[in-house]
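To start, the structure under review is shown below, and the notes come after it.
The values are calculated or read from the model by the stated rules, or taken from the named source; none is laboratory data. Just so it is clear, the structure is predicted and the values come from calculations on it, not from any experiment. Backbone-built Cβ (ideal geometry, glycine too); neighbour counts: all protein chains shown.
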Amino acid sequence: MFRIEKVNENNKQCVIDFLRLDVIRHVFALYDILHEPEHTTMYTIFEGEQLKGYILIYTAMEFPSVVLECEGDIAERLIKYAPKNRCIIHVSPSLLPIVTRKFSDEKHYVENWMLVKRGEADFFRSKLVRRLCADDDASNLAILLSSQRDRPKRSVKKYIDLISNESIYGVFVNGKLVSYAGSFIQLPQVWMIGGVYTDPRHRRKGYATLATSVVTEEALKHAETAALFVRSDNCSAIKVYEKIGYRKIGEKLWVDIGTGMKP
């Protein structure tokens with residue numbers, strides 16, 4: 001007999017204990033429920049006393065971000081809790097038919113899930129790279145990311161908050177920020193690397209390798225593993241990550257529901 005429970009203070013520890021059984025797999029859910037509960041809504045499904053899956057809705061970004069983690073036979077029961085429109089859903093490829101039945105106009109992209117463990121990485125260092133830390137850096141980051149076509153524009157204050165709360169590294173050429181990478185989730189077991197972006201006019205010069213390498217090096221000083229997601233058709237980025245030591249461990253789908261955003 002299945003039952004669905006909304007996560008609250010009464011059952012939260014039970015859910016956390018379940019997520020900690022496989023931190024890599026449940027990294028987003030574990031981080032959000034521990035560190036950003038005010039932006040996190042989570043429904044779990046139990047069979048008897050055994051937790052069988054969950055759907056998590058995270059609302060601190062421009063659009064809700066949804067993680068659906070379960071087997072196919074119970075996904076139908078959880079997908080009904082997803083926002084009705086304008087969200088990004090992260091699911092395993094096997095669950096796409098269930099998502100498509102609910103959201104017929106979805107657009108989806110395959111992402112490689114990659115990780116590197118402590119002692120397995122090769123680092124590339126340069127004086128061109130440093131950690132972003134000042135208001136001027138936030139302005140530079142805003143300018144760099146203004147060239148991204150498929151991302152909402154943010155205020156400089158948003159980037160100040162980002163730099164203050166996350167480990168962000170940039171590559172500077174003649175005083176101009178041309179590439180950056182950061183870590184947006186930091187747990188003792190794993191840091192998630194993301195936001196890797198290089199000005200199109202400065203690509204294929206090794207700058208993304210430098211930025212990603214430095215933030216990966218910091219990650220592996222604090223955690224056993226660094227992990228990231230990258231679109232499976234982004235061959236140049238995959239080569240960068242493989243050069244550092246990242247290896248593919250699986251695939252996830254980024255499913256766009258009405259936002260126009262791509263991974």
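For this structure, a couple of remarks:
- Within region 56-87, if we keep just the residues that are in contact with a Leu (Cβ under 8 Å, 6 or more places away or on another chain) and in a loop (DSSP other than H, G, I, E, B), the residue that is farthest from Trp254 (Cα to Cα) turns out to be Cys70.
- Among the candidates Ile244, Ile193, residue that is in the same structural domain as Lys127 (by TED's automatic domain parsing), within 19 Å of Ser126 (Cβ to Cβ), hydrophobic (A, V, I, L, M, F, W, C) and within 14 Å of the chain's Cα centre (by Cα): Ile193
- Only one entry in Ser179, Ser155 is more than 25 Å from Val23 (Cα to Cα) and loosely packed, with under 15 Cβ neighbours inside 10 Å, namely Ser155.
- Residues in region 41-55 that are in contact with a Ser or Thr (Cβ under 8 Å, 6 or more places away or on another chain) and within 12 Å of Pro83 (Cβ to Cβ): Thr41 alone.
- Subset of region 143-162 that is in a helix (DSSP H, G or I) and in contact (Cβ under 8 Å) with a residue 40 or more places away in the chain - its residue that is farthest from Ala60 (Cα to Cα): Leu144
- For Arg101, the stated conditions hold: it is more than 24 Å from Val240 (Cβ to Cβ), surrounded by fewer than 18 Cβ atoms within 10 Å (Cβ to Cβ), of a type in the set (Lys, Arg) and more than 20 Å from the chain's Cα centre (by Cα).
- Among the conditions (1) touching a residue at least 40 places away in the same chain (Cβ under 8 Å); (2) in contact with a strand residue (DSSP E or B) (Cβ under 7 Å, 6 or more places away or on another chain); (3) outside any helix (DSSP H, G or I), Arg25 misses just one, which is (2).
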